[in-house]
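Everything on this sheet refers to the single structure shown next.
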Amino acid sequence: MNRNKYNLRSMIVCSMFAAVTAVLAQIEIPLPLVPISGQTLAVGLTSTIIGSRLGAIAMMCYAAIGAVGAPVFAGFSGGLHVLLGPTGGYIFGFIIAAYVIGYILEKSSYTVKMAMLANTIGMVIILLCGTLQLKFVLDLSWSVALVSGVYPFIVVGLIKAFLASWIGIVVRKRLDQANVLLTQHRV
């Protein structure tokens, strides 16, 4: 495939996964400070399916689209104030987590077991980034930040990590069988 065609396909794939993230962001369970949403499931799916580089780019696109005001974040919110506000750290964490999840899979194997490990590490990264910003923006104590930004998300985060791993590996294998994966790392 020539370089221009590959670049166009990469942009389309990243845009599609940014859109999937925007859609899953609207599935939410409201909590006092930080809602539970489908965004982290989208991060895991994205990086499990398309890898570290494209996964991180897709999450950067998602963050950029939201930063300019498109209502793609949880609760149909958008704007730079969301990224700089109490929950913005989670969105920045999506970029790092997407890269790390994809990188772990690229350096090991595309199995549900390895994807579960990678997605669990990604969940921890997202929770740490989110809790750090939550703590400092709202001037919370560490204990309150952890109670608000980590503890309510552990069980549901593990469930989403499993779903992202299982669904992501199945989809990735099907895309590999159809010979349409953009990455050079085969299943």
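The values are calculated or read from the model by the stated rules, or taken from the named source; none is laboratory data. Here the structure is a predicted model, which means the values were calculated and not measured. Please note: Cβ atoms are built from the backbone with ideal geometry, for glycine as well, and neighbour counts cover all protein chains shown.
Every residue, every condition in (1) over 13 Å from residue 49 (Cα atoms); (2) surrounded by fewer than 21 Cβ atoms within 10 Å (Cβ to Cβ), yes or no:
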residue: 77; (1), (2): yes, yes
residue: 83; (1), (2): yes, yes
residue: 86; (1), (2): yes, yes
residue: 90; (1), (2): yes, no
residue: 112; (1), (2): no, yes
residue: 115; (1), (2): no, no
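Screening the candidates 58, 97 for the property of being under 12 Å from residue 14 (Cα atoms), under 10 Å from the mean Cα position of the chain (by Cα) and not β-branched (Val, Ile, Thr) yields one hit, 58. Every test in (1) more than 13 Å from the chain's Cα centre (by Cα); (2) farther than 14 Å from residue 94 by Cβ; (3) not charged (D, E, K, R) is passed by residue 168 save one, and that test is (1). Take the conditions (1) out of contact with any Lys or Arg (no Cβ under 6 Å at 6 or more places or on another chain); (2) surrounded by 20 or more Cβ atoms within 10 Å (Cβ to Cβ); residue 154 misses just one of them, which is (2). Residue 128 satisfies every condition listed in (1) of a type outside the set (S, T, N, Q); (2) more than 20 Å from residue 52 (Cβ to Cβ); (3) without any contact (Cβ under 8 Å) to a residue 60 or more places away in the chain except (2). If you go through the stretch 1-24 and keep only what is over 21 Å from residue 69 (Cα atoms) and either buried (at least 17 other Cβ atoms within 10 Å of the Cβ) or in contact (Cβ under 8 Å) with a residue 40 or more places away in the chain (or both), you end up with 6, 9, 10, 13. It is to be established whether one or more residues within the stretch 40-62 are more than 23 Å from residue 111 (Cβ to Cβ), loosely packed, with under 15 Cβ neighbours inside 10 Å and touching a residue at least 24 places away in the same chain (Cβ under 8 Å). The answer is no, given that none of the residues of the stretch 40-62 is more than 23 Å from residue 111 (Cβ to Cβ), loosely packed, with under 15 Cβ neighbours inside 10 Å and touching a residue at least 24 places away in the same chain (Cβ under 8 Å). Restricting the stretch 1-30 to residues that are over 15 Å from residue 57 (Cβ atoms) and more than 20 Å from the chain's Cα centre (by Cα) leaves a set whose member that is modelled with the lowest pLDDT is 1.
Listed by first and then second residue, the pairs linking a residue in the stretch 159-187 that is under 11 Å from residue 105 (Cβ atoms) to a residue that is of a type in the set (Asp, Glu) and modelled with pLDDT of 95 or more, with Cβ atoms under 9 Å apart and 6 or more places separating them unless they lie on different chains, are 183/106; 185/106.
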